[in-house]
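Working notes, structure below.
The values are calculated or read from the model by the stated rules, or taken from the named source; none is laboratory data. This is a predicted model, so every value here is computed, not measured. Ideal geometry is used to build each Cβ from the backbone, glycine not excepted, and the neighbour counts take in all protein chains shown.
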Amino acid sequence: MTDLIILATLLPGPKHGYQLKHEAGIILGQEVLHNNLVYPLLRRFMNNKWVSRKTVPGERGQKRHQYTLTALGRKELLARLSSFTEQEARSSDGFRLRVGLFQVLEPAVRSRILEARSGFLRGQSAHLTAVQTNFQLDRYAEQVTSQFLSQIQAELDWIERLRRFEKSRKEDSHD
C-alpha cells in the first residue's frame, strides 16, 4: 500500500524526495518514511515509466531530485485503486485509502468499492453474531465481540453516509 500512497502524493504535482517521504509518512502515521523504503520504490516507478525525475537547484545551491507522476503512472495508479478484490475489501487501510482518493475514481468504481467493503463487513457481523449466539462467552469475550460489532456497525453507517453523499453529488450535477 505504501507504493500507492507514494504515487498518490504525486497527483497534485511534482515533489522532492524528502517531501514525498514526509507526506507519505504522515499518511501512514509516521513522521518520515525511511530512505530504504521510498527510494527503491521511486526507482521501480521510474523503471516502469510511472514517475519521471529531473534535477533542480536547491535552496542552498545543492541539486535536488524532483519526481513527477507521468500519464502512464496516473493510469497505473487509477487502475490499481480501481481494483478492489474480495481480499482487498478485508483491509481497512486499503478501503480508507481508496475513499480518500474517491475524487479521482469514477462513480461506478466508487460504488463497487463501497459495496465490496460493506459486503465484507456484513459477513463479519454475521459471523460475530453467530459466535455470540452459539458460544457461552465470558464477560471479557463478550466485551470484545460487542466492541467489534460496534466498530463494524459504525463503518457500515459511514458507508451509508458515503452512498448518500454520492447520490447527492449525482443529483447536484444534473441540475
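Annotation: L4 fulfils all but one of (1) farther than 21 Å from L81 by Cβ; (2) modelled with pLDDT of 90 or more; the unmet one is (1). Picking from residues in region 49-63 that are charged (D, E, K, R), part of a strand (DSSP E or B) and at pLDDT 90 or above, the one that is surrounded by the most Cβ atoms within 10 Å (Cβ to Cβ) is R53. For region 8-42, a residue qualifies if it is of a type in the set (A, V, I, L, M) and not in a helix (DSSP H, G or I), and the qualifying residues are L10, L11, L28, V32, L33.
Return a yes/no flag: does region 127-138 have any residue that is under 20 Å from E86 (Cα atoms) and either among the small types (G, A, S) or surrounded by 15 or more Cβ atoms within 10 Å (Cβ to Cβ) (or both). Yes, there is a match, as at least one residue in region 127-138 is under 20 Å from E86 (Cα atoms) and either among the small types (G, A, S) or surrounded by 15 or more Cβ atoms within 10 Å (Cβ to Cβ) (or both). Residue pairs, Cβ under 7 Å, 6 or more apart or interchain, first in region 49-73 and within 19 Å of K21 (Cβ to Cβ) and touching a residue at least 12 places away in the same chain (Cβ under 8 Å), second of a type in the set (K, R) and loosely packed, with under 12 Cβ neighbours inside 10 Å. List them. Close Cβ pairs (under 7 Å, with a partner that is of a type in the set (K, R) and loosely packed, with under 12 Cβ neighbours inside 10 Å) amount to Q66/K54. Checking V99, V109 one by one, the residue that is modelled with pLDDT of 95 or more, closer than 30 Å to Q147 by Cβ and surrounded by 15 or more Cβ atoms within 10 Å (Cβ to Cβ) is V99 and no other.
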